[in-house]
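Structure first, commentary second.
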Amino acid sequence: MQTPEEYELSRRGVLVGGAASVATVTMVPIGTAAAATPPAKSPPTAKVAFEVNGTARELELDTRTSLLDALREHLHLTGTKKGCDHGQCGACTVIVDGRRINSCLTLAVMHEGEKITTIEGLGTPDKMHAMQDAFVTHDGYQCGYCTPGQICSAVAVLDEIKAGVPSHVTADLGAAPAVTKVELRERMSGNICRCGAYSNIIDAITDVAGVKA
Amino acid sequence: MKFDTPATTNPIDQMKIVGKPTNRIEGPLKTTGTAPYAYERHDVAANQAYGYVVGSAIAKGRIASMNLDEARAAPGVIAIVTADNAGKLAKGDFNTAKLLGGPDIEHYHQAIALVVADSFEQARAAASLVRVEYARGKGAYDLAAAIDTAIKPKASFGTEPDSAVGNFAAAFAAAPVQIDARYTTPDHSHAMMEPHASIAAWEGDKLTVWTSNQMIAWSVGDMAKTLGIPKENIRFDSPYIGGGFGGKLFNRADVLLAALGAKAAKRPVKVALPRPLMINNTTHRPATIQRVRLGATADGKLTAIGHESWSGDLPGGGPETAVAQTRLLYAGENRMTAMRLAVLDLPEGNAMRAPGEAPGLMALEIAVDELAEKLGIDPIALRVLNDTQVDPEKPSRPFSQRQLNKCLETGADKFGWSKRAKPGATRDGRWLVGMGVAAAFRNNLNGPSAARVRLAKSGVVTVETDMTDIGTGTYTIIAQTAAEMMGVPLDKVAVKLGDSAFPVSAGSGGQWGANSSTAGVYAACVKLREAVVQKLGLASDAVFAGGKVKAGRRSVALGDAAADGELVAEDKMEYGDLAEKFQQSTFGAHFVEVGVDAMTGEIRVRRMLAVCAAGRILNPKAARSQVIGAMTMGAGAALMEELAVDKRFGFFVNHDLAGYEVPVHADIPHQEVIFLDEADPTTSPMKAKGVGELGICGVAAAVANAVYNATGVRVRNYPITLDKLLGKLPDMV
Amino acid sequence: MKSFTYERVDSAAAATAAFARTPGARFIAGGTNLLDLMKLEIETPQHLIDVSRLALDKIEATADGGLRIGAMVRNTDLASDARVRRDYGLLTRALVASASGQLRNKATTAGNLLQRTRCPYFYDTNQPCNKRQPGSGCAAIGGFNRLHAVVGASDACIATHPSDMAVAMRALDAAIETVDAAGKARAIPIADFYRAPAKTPHLETVLAPGELITAVTLPKPVGGTHIYHKVRDRASYAFALISVGAIVQRDGSGRVALGGVGYKPWRVEAAEAALPRGAKPVADGLLAGARTTHENAYKLPLVERTLAGVLTQAKG
């Protein structure tokens, strides 16, 4: 292997201080013409109708509204959490037409006619879903903020395994995946828990799935 | 109530409810998405507008000019707050940098404006139209380069930066076996799942904020100082906090800007820090460079212990107290510690879970492993050999309890430590396998803490305190405490937290929350018991049990005491000098097994065990969760967590949750925790101590030592990533 | 996020027509990268054309024994398809090593190919970045670049392409089928799909404005043992430091493509002849002309060692 060549420091753009110790930088947002102030126009809106937790909902939304913000700010279903708003944490996980997705990285208006299940649709404090109950029993949460996303994911993960969707740790692509702790850990990895309840969460899911450790 | 003599027998000792593994009482709310977090309080104030924070594009310098015209003209914009129009703002006592910057800029992404609009989408879009010209200044961003400029910081919280006992230099020089090594720990981010968020509303000159904050009274005081208004005019409400880890100890830009935005907009305003802004806008655990020197006799007795640490912070900030544990953890006649602080213009360094001990033990406990190897002594035996039951700097002062040796020995037994082979000798397919151990140590701290308890006719006991539950299980241990004290089942207790209208508690931080806040509830319950007995005309030695109060042959329903009106009692637990007479600390031992891919150097944790001795464990279920969570964070610190510093532009580059990697499910195996039986009568009537930070102390070193045992490669610069192993792994076949 | 108008279309022709009609338009399908970038105003379309419901969601056999994968096939569905699992295991392996279950449920085949780099300087609009703002400089050079390219980069850009799926597609000799506003269809070999950064790192593919990906085709299966080894610091839900996708035949011959080393999935066919001789000559050929930085030089030995491990594994 040849000796790698090192890069020179980039010449442009990296005008940090330098000998003069002061440089002026102007930050112009990208893709914006530096024209005179335009008159304020109302942002475009669009109508969307979908079903949330079994109830038909119709909204007229700023087209920019994420499904997450539609749920939290417009329908006041705040059980779905905003942790990062960039698909990097999984706190916003909801189940759409039977599949779990990050509700932060999808526009509400793209979900016309779809069926959305949020944590509120799985159960209530008085009538909890088995997964919610198992999370309480196994202390599968601490601060509680990632918890609705973990639970929605967990419910969907068991269905995914049942449907034969393979994962990174599925040894044999020709065989149906099994509900094992290793499979669950891999499949749940899109839901970050900074309190570190992972070990307990896996216990809760295996409990619901009826798996022995 | 003043706690100034060791506790004797009290109602908590019944342990009918306290000490039992108990599901969190708020669990059904959290698992159904019905626990309300700060940004979600649609119910508390009508007509909420949305604020979006603009962060500085430079790390240091000045705002040369700011043009708000386009942003103001954008659809939906109601108001824009900047330092120019916000009026005079003082800096809070707990903040190092200003929460609203300008014209001077102190760090990257320091907030410089809040754009308030009718909708989130409008506020976010308009925020990008704020035009700013900066005059970039020269800053210092490289700790290693700044080390020569580091100075001796002033004492903080009564701790001097330097300590010395005996003659370290001479003893180290004379020691037949020596370790002298440098270690580095990087900057870490709290990365709690809930972003800092607040809703603010003004009614006349009275401000209410619904926020996410660990220390209510501190933050009310700082807000009053910052805004220049009486603290009586401010109410904070923070019943649910989506993680803190020290990152929400103080007011941050969200709460101040929500308050200023609400004033400017003349309507309630809600603000959450965008995730990509959080890491540079808020605080972090500062990086350290540490030098550890250990001198020992040939049979392993430590004769010289030296630990120095360098860290950086903004002007006016403090050091990362990474040497703190070294003053107490092991015996040794000659000792020195020192901390030095450099000025860095990176974002503000501050407390993150187990500040001091977490990075300090990352270094010290590798050094002990290195010494054990050099001596040819088992690392557990070496630690046991150098145990001390007294403060090594002041032998007249004993530890109140110290079961470190038992933690190590119990863990060794449970973990199968005897199967540990020499470095690089264990193979499982493509994996090199190794085991590591480290001691865990964290001091116990108590703080004054008050509570109010109400007894209703129904027999329901309601506790009110401004204490916070940041995932620590506080709701539940407070309920357990009140239930035990008042002799009622858990479901007859209601707990209300996080409201500054309630009595001032110790708050959540420094693992002082559990023991301190429950002790405050204990004190209030003692008063309530007195009021009940008096009201019912019972003897003062009446027994509270099964929802009844019994004295002699009389047995009365507890609620009867409130038959003609609620009974209310309030008290505060305060502390005498027991913490000076006794060194109160918590101890543990971490055991880790790792696999290292012999080809790629990828490191995966296979097994983890913690054994802890931390006073009475109030709720073993939640305490165990605190410990496994801390172990998880420790595994992150060992293997992946590092804020990457751009030393030219002066900021943390990987400032989101994709760039700053924290452990995911797949990184963490099943975790075991063992609590040793312990009750410490010197800490409070609860006989408890903290445990939430103990769990992270030493974990990373145990991982590092396991990686060494697996590979024979010693990495002293965290995180231990595969690029640091690659060149030293066994040759390819 | 800049405001935009939105329309949903039901055919590829309607999509390309809408594009031609509307200035500043972009297609959106899964949206998992585009919306991410729009929130940061790195992408600022004025009009979004929702192509997510086009009838391009099927995986069909082709006449020559291969597969045609509709552009809208979700990553999860592609990974789960029985034919893909049986005949193109490398593709399933690469897909399930990527992102998270939630993201794979949304992300599409076409969108995955069009992912933009995860370079943190590209993502921070305060920083110079020639890809985001041509001519502003490359902050990654001389900055934090542990994750960056070691081959194919230029003085203007050292970003990597983040896709795992594309690495498998490259090893499988996939072709990308498109249609433009004039209704003209073409098939682009994946080897020719991505453009080298040179002095224009903002131009990433050979697609013309408004050209829509309709399908990705795979030639008939080549057999062999399929292995995808993605190397990362954390065990899941992370972009690759490097990845090695390999198809190894019984006689030791085969194909290798790399992820995380360049602006595109990296394959050098000429280097593959050395496969029976082991990892070193292949890695040398793959990484010929490599340029590294202090922080990413580890990728060179890492590629070699990872490939060696893959070849050992292939032998069973």
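The values are calculated or read from the model by the stated rules, or taken from the named source; none is laboratory data. This structure is a prediction, so every number in the text was calculated from the model and none was measured. Cβ sites come from the backbone with ideal geometry, for glycine too, and all protein chains shown count toward neighbours.
Table for the structure above
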item	result
Counted residues, the stretch A:121-135 - those being facing chain B (nearest Cβ under 7 Å) and surrounded by fewer than 24 Cβ atoms within 10 Å (Cβ to Cβ)	4
Unique match (being within 11 Å of chain C (Cβ to nearest Cβ) and surrounded by fewer than 24 Cβ atoms within 10 Å (Cβ to Cβ)) among A:V165, A:V155, A:V179	A:V165
Residue in the stretch B:708-730 that is more than 20 Å from the chain's Cα centre (by Cα), assigned to a loop (DSSP other than H, G, I, E, B) and within 30 Å of A:A134 (Cα to Cα) present	no
Out of C:A308, C:A270, C:A283, sole residue that is of a type in the set (G, A, S), part of a helix (DSSP H, G or I) and surrounded by fewer than 18 Cβ atoms within 10 Å (Cβ to Cβ)	C:A270
Subset of the stretch B:324-346 (residues that are assigned to a helix (DSSP H, G or I) and surrounded by 23 or more Cβ atoms within 10 Å (Cβ to Cβ))	B:A324, B:Q325, B:T326
Scan of the stretch A:157-199 for residues that are in contact (Cβ under 8 Å) with a residue 12 or more places away in the chain, outside any helix (DSSP H, G or I) and among the hydrophobic types (A, V, I, L, M, F, W, C), ordered by number	A:V165, A:V169, A:A176, A:A178, A:V179, A:I192, A:C193, A:C195, A:A197
Test: residue in the stretch B:192-204 that is surrounded by fewer than 22 Cβ atoms within 10 Å (Cβ to Cβ), modelled with pLDDT of 95 or more, away from chain A (no Cβ under 14 Å) and not in a loop (DSSP other than H, G, I, E, B)	yes
Scope the stretch A:137-151; condition surrounded by 24 or more Cβ atoms within 10 Å (Cβ to Cβ) and out of contact with any strand residue (DSSP E or B) (no Cβ under 6 Å at 6 or more places or on another chain); matching residues	A:D139, A:G140, A:Y141, A:Q142, A:C143, A:G144, A:Y145, A:C146, A:T147, A:P148, A:Q150, A:I151
Pairs where the first residue, in the stretch B:422-434, is under 15 Å from B:G601 (Cβ atoms) and the second is surrounded by fewer than 18 Cβ atoms within 10 Å (Cβ to Cβ) and at pLDDT below 95, C-beta under 9 Å, 6+ apart	B:G424/B:P730; B:L432/B:P730
Condition met for C:C119 (within 13 Å of another protein chain (Cβ to nearest Cβ) and more than 28 Å from C:A171 (Cβ to Cβ))	no
Selection status of A:L9, modelled with pLDDT of 95 or more and either under 30 Å from B:A197 (Cα atoms) or at the interface with chain B (Cβ under 10 Å from one of its Cβ atoms) (or both)	no
Matching residues, the stretch C:90-102, being of a type outside the set (A, V, I, L, M), within 17 Å of the chain's Cα centre (by Cα) and within 7 Å of another protein chain (Cβ to nearest Cβ)	C:T92, C:S100
Which listed residue, of C:G259, C:G289, C:G278, is without any contact (Cβ under 8 Å) to a residue 60 or more places away in the chain and small (G, A, S)	C:G278
Identity of the residue in the stretch B:279-303, out of contact with any His (no Cβ under 7 Å at 6 or more places or on another chain) and hydrophobic (A, V, I, L, M, F, W, C), that ends up farthest from B:E641 (Cα to Cα)	B:A298
Unmet requirement for B:K154, which otherwise passes all of (1) away from every other protein chain (no Cβ under 14 Å); (2) buried (at least 20 other Cβ atoms within 10 Å of the Cβ)	(2)
Index of the failed condition, B:K270 passing every other in (1) over 30 Å from B:W512 (Cβ atoms); (2) within 14 Å of another protein chain (Cβ to nearest Cβ); (3) surrounded by fewer than 24 Cβ atoms within 10 Å (Cβ to Cβ)	(3)
Residue under evaluation B:G615, criteria (1) farther than 30 Å from B:D731 by Cα; (2) surrounded by 23 or more Cβ atoms within 10 Å (Cβ to Cβ); (3) within 14 Å of chain A (Cβ to nearest Cβ), criterion not met	(3)
Residue among B:E393, B:E373 that alone is under 28 Å from B:A635 (Cα atoms) and either free of Cβ contacts under 8 Å to residues at least 40 places away in the same chain or not hydrophobic (A, V, I, L, M, F, W, C) (or both)	B:E373
Tally of residues being more than 8 Å from every other protein chain (Cβ to nearest Cβ), more than 18 Å from C:G143 (Cβ to Cβ) and not in a strand (DSSP E or B) across the stretch B:634-679	10
Residues of the stretch C:56-89 that turn out to be over 29 Å from A:G149 (Cα atoms), surrounded by fewer than 24 Cβ atoms within 10 Å (Cβ to Cβ) and not charged (D, E, K, R), as a count	9
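A quick yes/no check of all residues on (1) within 10 Å of another protein chain (Cβ to nearest Cβ); (2) over 20 Å from C:I242 (Cα atoms); (3) in contact with a Cys (Cβ under 7 Å, 6 or more places away or on another chain); (4) buried (at least 20 other Cβ atoms within 10 Å of the Cβ):
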position: B:L694; (1), (2), (3), (4): no, yes, yes, yes
position: B:A700; (1), (2), (3), (4): no, yes, no, yes
position: B:N705; (1), (2), (3), (4): no, yes, no, yes
position: B:T711; (1), (2), (3), (4): no, yes, no, yes
position: B:V715; (1), (2), (3), (4): no, yes, no, no
position: B:P719; (1), (2), (3), (4): yes, no, no, yes
position: B:D723; (1), (2), (3), (4): yes, no, no, no
position: B:L729; (1), (2), (3), (4): yes, no, no, yes
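So that you can scan it fast, the table gives a plain yes or no per residue for (1) β-branched (V, I, T); (2) farther than 19 Å from B:V627 by Cα; (3) surrounded by 17 or more Cβ atoms within 10 Å (Cβ to Cβ):
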{"site": "B:E348", "(1), (2), (3)": "no, yes, yes"}
{"site": "B:A358", "(1), (2), (3)": "no, no, yes"}
{"site": "B:I366", "(1), (2), (3)": "yes, yes, yes"}
{"site": "B:K374", "(1), (2), (3)": "no, yes, no"}
{"site": "B:I380", "(1), (2), (3)": "yes, yes, yes"}
{"site": "B:Q403", "(1), (2), (3)": "no, no, yes"}
{"site": "B:D413", "(1), (2), (3)": "no, yes, no"}
{"site": "B:A421", "(1), (2), (3)": "no, yes, no"}
